[in-house]
Amino acid sequence: MRNLVAVGILGGLALAGSKQTSSCKCLPGDSCWPSASQWQKLNTSANGNLLAVRPAGSVCYQTFNGQPNPQYNADACATAKNGWTVSNWIVEQQIETISHFWTNYTCDPTMGCNKPCDLSSVPQMVIMAKSASDIQAGVKFARDNNLRLVIRNTGHCYLGRSAGYGALAINTHSLQSMDFTSSYKGPGSWSGGAVKLGAGVDVVGGECPSVGIAGGYIQGGGHSPLSGLYGMGSDNALSFEIVLATGELVTANAYSNSDLFWALKGGGMGTYGVVTSVTVKTHPRVFVTGMSLNISILGVTDPAAIDRYWSAVNVFHNYAPKLAASGMYVWYGLVPFVGLIVQPFVAPNMTVAQFEAVVAPLRAQLNALNVTYATGTPTQFDSFYDLYMSMFSFIDDVGGDTLLGGRLFKTSDIEQHGANITAAYRGLINAGVIIGGHIVNPGRAVPDPDSEISSVHPVWRDTPDNMLWLYDTGATCLTPAGRQAAFGTNTQLGNPMRAASPDSAVYVNEGDVNEPNWQDAFWGSNYPALYKIKTKYDPNGVFWAQSTPGSERWTLKDERRLCKAT
């Protein structure tokens with residue numbers, strides 16, 4: 001451990017000792033950067049779980065941080081190359097994220113850009129936390145030494161909030177305890193089943209297997225294929241254990257720290273503290289019917305046929321409110337030159353006959369357009385898990401060099417501006433952008449937009465569709481100026497979507513991290529209260545995550561130095 005820490009310290013000192021005022025977080029090379037002895041003390045406090053960061057692909061490089069790399073290993077490199085695009089592998093690493101854009105392809109095992117392998121875009125040190133006390137030690141150290149602090153659970157983050165140059169990272173993925181009860185006795189009115197989950201436990205209730213339920217998923221709201229029955233993931237939270245900026249471990253629930261409890265249920269991730277566990281409701285198993293649908297345009301060049309295809313897309317999307325109102329969840333994708341892929345329709349508590357009754361009008365409208373489409377055989381499964389393993393198994397969610405944007409469409413948006421939404425979709429596809437969507441309405445289960453049950457944007461209570469787009473930046477080898485240009489392009493791509501739904505919102509976990517007026521777009525009328533809670537529990541900004549409550553008090557300069565806003 002001593003040598004690993006020394007490597008991290010020396011790597012930082014090699015950047016030279018510039019002076020830095022307390023208005024900015026300390027970076028390697030600054031005179032305020034902790035000494036080797038201070039890091040050693042932290043390692044002792046963190047029970048030996050502090051490591052100098054080694055990017056997963058560094059085993060492919062003969063030099064690291066400008067020095068000979070003793071960990072260079074051809075066999076390990078082959079493993080890293082294979083895992084670079086596999087989320088399950090990335091989840092197990094120190095600081096990697098499923099969107100390599102945010103680590104600037106640091107130590108890329110494919111060596112696509114011929115860049116040196118170093119720590120110039122990633123955290124310097126990481127605590128691989130095994131207990132809440134490890135986290136407490138890290139938070140106190142970051143606070144006392146004015147360091148940027150990054151919270152990383154599974155790395156399932158497309159918006160860069162679990163990455164950061166020069167930071168001390170806390171990796172919570174090893175906190176994987178689970179404690180089930182059939183009859184919850186804690187605060188609140190819920191008396192059904194519950195499970196207490198450590199921060200590193202993964203959830204399959206969402207769409208992607210690398211989602212960590214106690215991390216950004218539930219703290220950002222968390223939609224699910226079962227949201228039509230049970231609401232958002234955050235609606236189901238009963239209690240949190242969280243390390244605050246003071247280093248104190250507290251419980252937040254309906255009776256204790258109730259304001260913080262509300263904020264943690266959808267009000268932003270990585271900004272109030274480090275969640276070590278969450279207790280959530282459990283629900284009885286339900287049977288589920290599923291089906292796929294595809295409209296292909298592979299090889300289609302006839303303009304009239306392409307217009308008919310887009311008419312079919314319009315019909316499908318305009319039917320979203322009816323699908324969501326039935327309790328269904330529908331994942332769809334629009335891929336340039338490929339077509340519309342719906343995989344799958346998920347219909348909880350519906351028999352095949354009941355499912356067919358809901359989709360029959362959609363079939364009739366598609367048939368009237370004289371477009372060719374293919375559907376799978378509607379199939380009833382005993383549980384959502386069985387359906388997931390059968391129909392979601394194709395998913396791997398590594399984002400590569402993509403940037404995300406997104407939009408929540410209210411029922412009125414689709415009913416009044418459906419044609420404009422379809423036109424905006426067509427523009428994105430013509431620009432080479434991939435579109436994904438989640439037709440589901442959590443408001444069917446929790447209908448009151450003013451409900452105090454969670455702090456998600458009120459628009460979520462009437463949202464039949466949460467769409468997102470994936471803009472391929474080609475950023476593997478982009479210069480800093482090129483990266484900034486990519487951010488601007490991504491934001492511009494969303495303008496037609498914003499115009500088609502001017503009073504709507506964006507899902508904080510699946511939107512543009514540079515979303516204009518993000519406070520309103522992500523949280524709406526809940527934002528002032530969230531900002532107040534942030535300043536109450538973290539007045540000095542120990543925690544910071546981009547475009548979360550209170551983050552506007554800081555400025556990230558050139559994606560590197562975090563300074564107080566002036």
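Within the set of pairs 6 or more residues apart or between chains, which connect a residue that is free of Cβ contacts under 8 Å to residues at least 24 places away in the same chain inside segment 544-565 to a residue that is among the aliphatic types (A, V, I, L, M) and assigned to a loop (DSSP other than H, G, I, E, B) with Cβ atoms less than 9 Å apart?
Final answer for the pair search is ARG553/ALA565; TRP554/ALA565; THR555/ALA565.
Can you name the residue in segment 297-348 that is without any contact (Cβ under 8 Å) to a residue 40 or more places away in the chain, in a helix (DSSP H, G or I) and of a type in the set (A, V, I, L, M, F, W, C) and is also nearest to GLN416 (Cα to Cα) among such residues?
Taking the candidates together, the pick is ILE306.
Name the single residue that is surrounded by the fewest Cβ atoms within 10 Å (Cβ to Cβ) among those in segment 140-174 being closer than 19 Å to THR44 by Cβ and out of contact with any strand residue (DSSP E or B) (no Cβ under 9 Å at 6 or more places or on another chain).
Residue satisfying both the conditions and the ranking: ASP144.
If LYS534 satisfies every condition in (1) part of a helix (DSSP H, G or I); (2) more than 18 Å from ILE151 (Cβ to Cβ) but one, which is the exception?
Unmet for LYS534, out of (1) part of a helix (DSSP H, G or I); (2) more than 18 Å from ILE151 (Cβ to Cβ): (2).
Give all pairs with beta carbons closer than 6 Å in which a residue from segment 105-127 that is without any contact (Cβ under 8 Å) to a residue 60 or more places away in the chain and farther than 13 Å from LEU168 by Cα meets a residue that is in a loop (DSSP other than H, G, I, E, B) and hydrophobic (A, V, I, L, M, F, W, C); count only pairs at least 6 apart in sequence or on separate chains.
THR106/VAL122; CYS107/CYS117; PRO109/TRP84
Would you pick out the residues in segment 34-93 that are free of Cβ contacts under 8 Å to residues at least 12 places away in the same chain and within 12 Å of ASP118 (Cα to Cα)?
Once the filter is applied, which keeps residues that are free of Cβ contacts under 8 Å to residues at least 12 places away in the same chain and within 12 Å of ASP118 (Cα to Cα), segment 34-93 yields GLN62, GLN67, PRO68.
For segment 284-294, give me the residue count where each residue is in contact with a Gly (Cβ under 7 Å, 6 or more places away or on another chain) and more than 12 Å from LEU387 (Cα to Cα).
Start the filter on segment 284-294 by keeping residues that are in contact with a Gly (Cβ under 7 Å, 6 or more places away or on another chain), which leaves 291-292, 294.
In the following step, the residues that additionally are more than 12 Å from LEU387 (Cα to Cα) were identified as 294.
Final tally of qualifying residues: 1.
Regarding ILE434, is this residue aliphatic (A, V, I, L, M) and surrounded by 24 or more Cβ atoms within 10 Å (Cβ to Cβ)? Before you say what the answer is, go through the steps one by one.
On the way: aliphatic (A, V, I, L, M): yes; surrounded by 24 or more Cβ atoms within 10 Å (Cβ to Cβ): no.
For ILE434, the condition - aliphatic (A, V, I, L, M) and surrounded by 24 or more Cβ atoms within 10 Å (Cβ to Cβ) - is not met.
Here is a list: LEU403, LEU362, LEU387. Which entry is more than 24 Å from TYR471 (Cα to Cα), touching a Phe, Trp or Tyr at 6+ places or on another chain (Cβ under 6 Å) and at pLDDT below 95?
Numbers: LEU403 fails: more than 24 Å from TYR471 (Cα to Cα); LEU362 fails: at pLDDT below 95.
Result: LEU387 is the single residue among LEU403, LEU362, LEU387 that is more than 24 Å from TYR471 (Cα to Cα), touching a Phe, Trp or Tyr at 6+ places or on another chain (Cβ under 6 Å) and at pLDDT below 95.
A quick yes/no check of all residues on (1) in the same structural domain as PRO458 (by TED's automatic domain parsing); (2) closer than 21 Å to ALA423 by Cβ; (3) surrounded by 18 or more Cβ atoms within 10 Å (Cβ to Cβ):
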site	(1), (2), (3)
GLN484	yes, no, no
THR489	yes, yes, no
LEU493	yes, yes, yes
ALA500	yes, yes, yes
ASP503	yes, yes, no
VAL506	yes, yes, yes
GLU510	yes, no, yes
ASN514	yes, no, no
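Scan segment 276-295 and tell me whether some residue there is under 15 Å from TYR537 (Cα atoms) and buried (at least 19 other Cβ atoms within 10 Å of the Cβ).
We begin by selecting, within segment 276-295, every residue under 15 Å from TYR537 (Cα atoms); these are none.
Checking segment 276-295: not a single residue is under 15 Å from TYR537 (Cα atoms) and buried (at least 19 other Cβ atoms within 10 Å of the Cβ).
Please verify whether ASP503 is of a type in the set (Asp, Glu) and farther than 27 Å from ASP401 by Cα, treating the condition exactly as stated. Give the derivation first.
Numbers: of a type in the set (Asp, Glu): yes; farther than 27 Å from ASP401 by Cα: yes.
In short, yes.
It is to be established whether one or more residues within segment 419-426 are basic (Lys, Arg), more than 17 Å from ASN314 (Cβ to Cβ) and modelled with pLDDT of 95 or more.
In the first step, residues of segment 419-426 are kept if they are basic (Lys, Arg); the result is 426.
Then drop every residue that is not more than 17 Å from ASN314 (Cβ to Cβ), which leaves none.
For segment 419-426, residues basic (Lys, Arg), more than 17 Å from ASN314 (Cβ to Cβ) and modelled with pLDDT of 95 or more: absent.
The values are calculated or read from the model by the stated rules, or taken from the named source; none is laboratory data. Here the structure is a predicted model, which is why all the values come from computation and not from measurement. Don't worry about glycine lacking a Cβ; one is built from the backbone with ideal geometry, like all the others, and counts go over all protein chains shown.
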